[in-house]
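Chemist: Below you will find the structure I want to go over with you.
The values are calculated or read from the model by the stated rules, or taken from the named source; none is laboratory data. Since the model is a prediction, treat every value here as computed from it, not as a measurement. Note that we place each Cβ from the backbone using ideal geometry, even for glycine, and neighbour counts take in every protein chain shown.
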Amino acid sequence: MWFISFKGMHLFGETVDMKWELDASDKYNGHGYGIGEKHIFVGEFIHGAIWGDMFLFDRATGKKMLKVETEDNVAHGSYEYYHCGEVIERGVYRNGRKYFQTRLKDGRVYEYGFSRGDRLHGYGVTEWPLDGMGHRYTSPHWKDGVIDGIGCVQDHNMDVIFYGRFKNGWMVEETEEKHSSMLGLWKKAEKKQYYNIPYECAMACFN
């Protein structure tokens, strides 16, 4: 759960020196900022609660680390994480929880999908290793970061090397079962010559 608590003026576990004006009820109101031990927070208060975009900066370097939409002190809407000025992740928060994530390296997307606890959960796609020569794993059955159900593995040329059932992240058996979110991959798999798949899967485990 991603939320902001202002009791004792704490943000992300840091004691923060608040630089916001107060309204008639002594609640923070208007645009302002807060300075913590490691971070600087910038946003808009409306009578004691942050609404709209909130920005997080590294205090030592001044570099932007996070931009997130908020509603009543809760992350709700789009977000972006930054590292050295580059976007490394963007997606959507819903009621304080990360709902959908897209991760990037050197400007290239290597993972996207629905999320729970910062891990793929539901439909998602990821590549590993992140060297441009890795394998792509696609499944509508991600559970806490591993595939548990129908999934597909493609090599760096996007050729299907496995289409079948996974159990707790391990390939179990090939299948001709269709899934509405993977029809394109199912068709690719149907065209694939399956005689070489066991060998290719074994090699994929060691590469």
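Chemist: Residues PHE100, PHE166: which one is out of contact with any Cys (no Cβ under 9 Å at 6 or more places or on another chain), within 26 Å of GLU80 (Cβ to Cβ) and among the aromatic types (Phe, Trp, Tyr)? Spell out the reasoning first.
Modeler: Working: PHE166 fails: within 26 Å of GLU80 (Cβ to Cβ).
Selected residue: PHE100, the only one of PHE100, PHE166 that is out of contact with any Cys (no Cβ under 9 Å at 6 or more places or on another chain), within 26 Å of GLU80 (Cβ to Cβ) and among the aromatic types (Phe, Trp, Tyr).
Chemist: Looking at LYS67, LYS105, LYS143, which is the one that is of a type in the set (D, E, K, R), farther than 27 Å from LEU183 by Cβ and modelled with pLDDT of 95 or more? Break it down into steps so the answer makes sense when it comes.
Modeler: On the way: LYS105 fails: modelled with pLDDT of 95 or more; LYS143 fails: farther than 27 Å from LEU183 by Cβ.
None of the other options fit; the residue is LYS67.
Chemist: For ASN95, state whether it is within 26 Å of GLY113 (Cα to Cα), touching a residue at least 60 places away in the same chain (Cβ under 8 Å) and either among the acidic types (Asp, Glu) or not assigned by TED's automatic domain parsing to the domain that holds ASP144 (or both).
Modeler: Working: within 26 Å of GLY113 (Cα to Cα): yes; touching a residue at least 60 places away in the same chain (Cβ under 8 Å): no; either among the acidic types (Asp, Glu) or not assigned by TED's automatic domain parsing to the domain that holds ASP144 (or both): yes.
So ASN95 does not fit the description; no.
Chemist: Filter segment 142-163 down to residues that are in a strand (DSSP E or B) and of a type in the set (A, V, I, L, M) and give me whichever is surrounded by the most Cβ atoms within 10 Å (Cβ to Cβ).
Modeler: Initial filter on segment 142-163 (in a strand (DSSP E or B)): 142-143, 146-147, 150-154, 160-163.
Retained after the next criterion (residues that are of a type in the set (A, V, I, L, M)): 146-147, 150, 153, 160-161.
Values: VAL146: 18, ILE147: 25, ILE150: 21, VAL153: 23, VAL160: 22, ILE161: 20.
Going through the qualifying residues, I end up with ILE147.
Chemist: Just one of GLY30, GLY48 is touching a residue at least 40 places away in the same chain (Cβ under 8 Å) and in the same structural domain as GLN101 (by TED's automatic domain parsing); which is it?
Modeler: Numbers: GLY30 fails: touching a residue at least 40 places away in the same chain (Cβ under 8 Å).
Exactly one residue qualifies, and that residue is GLY48.
Chemist: Another question about this same structure. Against the condition among the acidic types (Asp, Glu), out of contact with any Cys (no Cβ under 7 Å at 6 or more places or on another chain) and farther than 21 Å from GLU89 by Cβ, how does GLU21 come out, does it pass? Before the answer, list the steps.
Modeler: Working: among the acidic types (Asp, Glu): yes; out of contact with any Cys (no Cβ under 7 Å at 6 or more places or on another chain): yes; farther than 21 Å from GLU89 by Cβ: yes.
Here the answer is yes, as GLU21 does meet what is asked.
Chemist: Could you list, in sequence order, all residues of segment 6-38 that are at pLDDT 80 or above, over 19 Å from MET65 (Cα atoms) and among the basic types (Lys, Arg)?
Modeler: LYS19, LYS27
Chemist: Tally the residues that are in contact (Cβ under 8 Å) with a residue 24 or more places away in the chain and touching a Lys or Arg at 6+ places or on another chain (Cβ under 7 Å), restricting the search to segment 121-144.
Modeler: 3
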